[in-house]
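What follows is a single structure, written as structure tokens, with notes after it.
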Amino acid sequence: MTIRVTIWNEYRHEKQSAKVQEIYPEGMHTPIASYLQGQGMSVRVATLDEPEHGLSTAVLDQTDVLTWWGHLAHGEVSDEIVDRVQARVLAGMGLIVLHSGHFSKIFQRLMGTTCNLKWREAGELERLWVVAPGHPITEGLGEYFEIPQAEMYGEFFDIPQPETLVFVSWFAGGEVFRSGCCYQRGQGRIFYFRPGHETYPIYYQDEVLRVIGNAVKWAAPVARPPVQFGHRPQGSMSG
Ligand code: ZN
């Protein structure tokens, strides 16, 4: 079955900064959307400044996996939309949170912690080590891959212990970071993936796109009957 992906991008840096515009003239969402389309997925883009941030109930109902990139304007995301996204995750929608999305309302809500971290913007080398070999999110990767110029994120990263830790990053400046973290909340799968600063062309890199594609496939809901709650009559085992 075709996976239906909605790529959510705050889409402000690209409109405000000439440097970012040069790297992502059509927005950071565009190379991700093109790649996922090339993987046979059905892709839609939604951005902060659209009505309901592009995330109407109808859109979310038709979304199997939502990806999230935000940075400047986390506070402008309405609580009503955060409630709506959370409810969809609990009901089985997958969520891929990218880079500075660590500070988004939806990620903090689902994690229950501050999601704070250390950072430094110095264009340094990042090496992402695969620490869950054989995990579906690592399909097609080697032992590690490198991003030549990255913003550093360092530990301690204030998240709950990941249910599966898929990547650990090492930075040339000496820090390390849990860069690929899997969770389940309700029936929904969540993957946090660190790469993707707006002033580096990271969302054009093969390995990064491959991980996002693998993560979307991993997080897509499985076919199942609706979950039943509430009173259960006696003797219903036989029925
Ligand atoms: Zn950044």
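Working only within the range 54-98, note down all residues that are over 27 Å from THR2 (Cβ atoms) and among the polar types (S, T, N, Q).
So the first thing to find is which residues in the range 54-98 are over 27 Å from THR2 (Cβ atoms), and the list is 71-80, 82-83.
Correct list: SER78 only.
Can you tell me which of (1) away from the ligand (no atom under 16 Å from the Cβ); (2) open to solvent by less than 10 Å² (accessible area, probe 1.4 Å) is the one VAL130 doesn't meet?
Condition not satisfied by VAL130: (2).
Just to be sure I understand the filter: pairs with C-beta atoms under 7 Å, separated by 6 or more residues or on different chains, first member in the range 74-93 and touching a residue at least 24 places away in the same chain (Cβ under 8 Å) and over 12 Å from LEU110 (Cβ atoms), second member open to solvent by 40 Å² or more (accessible area, probe 1.4 Å) and assigned to a loop (DSSP other than H, G, I, E, B). Which pairs pass?
Filtered contacts from the range 74-93: ALA91/GLY186; ALA91/GLN187; GLY92/GLN187; GLY92/PRO221.
Considering each of TYR35, TYR24, TYR11 in turn, give the residue that is modelled with pLDDT of 95 or more and open to solvent by less than 20 Å² (accessible area, probe 1.4 Å). Give the steps one after another, and end with the answer.
Values: TYR35 fails: open to solvent by less than 20 Å² (accessible area, probe 1.4 Å); TYR11 fails: open to solvent by less than 20 Å² (accessible area, probe 1.4 Å).
Just a single option satisfies the conditions, and that option is TYR24.
Can you name every residue in the range 22-36 that is farther than 12 Å from ALA46 by Cα and small (Gly, Ala, Ser)?
Across the range 22-36, the qualifying residue is only SER34.
In the set GLU121, GLU143, which member is away from the ligand (no atom under 16 Å from the Cβ), of a type in the set (Asp, Glu), more than 16 Å from the chain's Cα centre (by Cα) and exposed (fewer than 13 other Cβ atoms within 10 Å of the Cβ)? Step through it out loud before you land on a result.
Working: GLU121 fails: away from the ligand (no atom under 16 Å from the Cβ).
After applying the criteria, what remains is GLU143.
Only residues that are touching a residue at least 60 places away in the same chain (Cβ under 8 Å), within 14 Å of the ligand (Cβ to nearest atom) and within 17 Å of the chain's Cα centre (by Cα): list them for the range 147-191, please. Explain how you work it out, then say what you get.
Keep residues of the range 147-191 that are touching a residue at least 60 places away in the same chain (Cβ under 8 Å), which gives 147, 177, 183, 185-191.
When the remaining residues are screened for being within 14 Å of the ligand (Cβ to nearest atom), the result is 147, 177.
Correct list: PHE177 only.
The values are calculated or read from the model by the stated rules, or taken from the named source; none is laboratory data. What you are looking at is a predicted structure, and each value in this text was computed from that prediction instead of being measured. With ideal geometry, Cβ positions are generated from the backbone for all residues, glycine too; neighbour counts draw on all protein chains shown. These area figures cover heavy atoms from the full protein model, side chains too; ligands, DNA and RNA do not enter into them. Shrake-Rupley method; radii C 1.70, N 1.55, O 1.52, S 1.80 Å.
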